[in-house]
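Each reported figure results from applying straightforward, stated rules to the coordinates on display, with no laboratory input. Everything numeric here is computed off the predicted structure, so don't read it as measured data. Methodologically, a virtual Cβ is constructed for each residue, glycine included, from the backbone with ideal geometry; neighbour enumeration extends over all protein chains shown.
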Amino acid sequence: MNVKILSMTLLCVASLTAQIKTVSIEKLPLPPTERWSNALFSPTGKEIFLTNSDYNGIWQYSLETNVLKEITRDMHSGFAFAVSDDGKKIAYRRTVQP
C-alpha cells in the first residue's frame, strides 16, 4: 500500500515539474494575405513550420532571421505534416489530380 502512495506522489511531483512555462508572447510579422494555421516548432526551436487555413502549402519561418520561406504550395500538404528529429526533412501528403 505504501509503495502505491509513494509511486503516485512521485508521479504527481514529476508531472508538476515538467509543465511548460510561457516566458513571452510575440506576434510574428507574417504576411496578412494568408490565414496561418497549424504552427509546428522545429526540434531546435529556431524555426516554425506552418500552413494556411486551407492546408495548401508549408512555410518555414526563422526566428533568428525573421525570414519566411515557402517549402511547398502543394494542395493539402499542410494537413498533418511532420518534421524529422533533426529538422532537415519534412514529410507531407501530396495530392495529385488525375
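Each residue of region 70-81 was assigned a 3J(HN,Hα) from its phi angle through the Karplus curve 6.51 cos²θ - 1.76 cosθ + 1.60 (θ = phi - 60°); the sequence is 7, 8, 7, 10, 4, 4, 6, 5, x, 7, 6, 6 Hz, with glycine and proline shown as x. For region 36-79, the list of trypsin sites (Lys or Arg not before Pro) that fall in a loop by DSSP and count at most 15 other C-beta atoms within 10 angstrom reads Lys46, Arg73. Between their Cα atoms, which of Lys27/Lys69; Lys27/Lys89; Lys21/Lys89 are more than 24 Å away from each other? Over 24 Å Cα-Cα: Lys27/Lys89; Lys21/Lys89.
Karplus-derived 3J(HN,Hα) values for region 82-91, using 6.51 cos²θ - 1.76 cosθ + 1.60 with θ = phi - 60°, are 9, 10, 5, 4, 8, x, 9, 10, 10, 9 Hz; glycine and proline are entered as x.
For Glu47, the residues whose modelled amide H falls within less than 5 Å of its own, excluding neighbours fewer than 5 places apart on the same chain, are Ser42, Leu63. Loop-located GluC sites (Glu not before Pro) in region 12-98 (DSSP state other than H, G, I, E, B) with a sparse environment of at most 13 neighbouring Cβ atoms within 10 Å: Glu26, Glu64. With r defined as the distance between the Cβ atoms of Gln97 and Glu26 and R0 fixed at 30 Å, what FRET efficiency is calculated, to the nearest 0.05? According to the calculation, E is roughly 0.20.
Residues in region 48-62 carry Karplus couplings, in order, of 10, 9, 8, 10, 8, 5, 8, 6, 9, x, 9, 10, 10, 10, 8 Hz; the curve used is 6.51 cos²θ - 1.76 cosθ + 1.60 with θ = phi - 60°, and Gly or Pro positions show x.
Taking 13 Å as the cut-off, the amide N atoms of region 53-74 that come nearer than this to a point 7 Å along the Cα-to-beta-carbon line of Glu34 belong to 53-62, 67-74. Dividing the Cα radius of gyration of region 18-98 by 2.2 N^0.38 Å, with N the residue count, gives 1.15.
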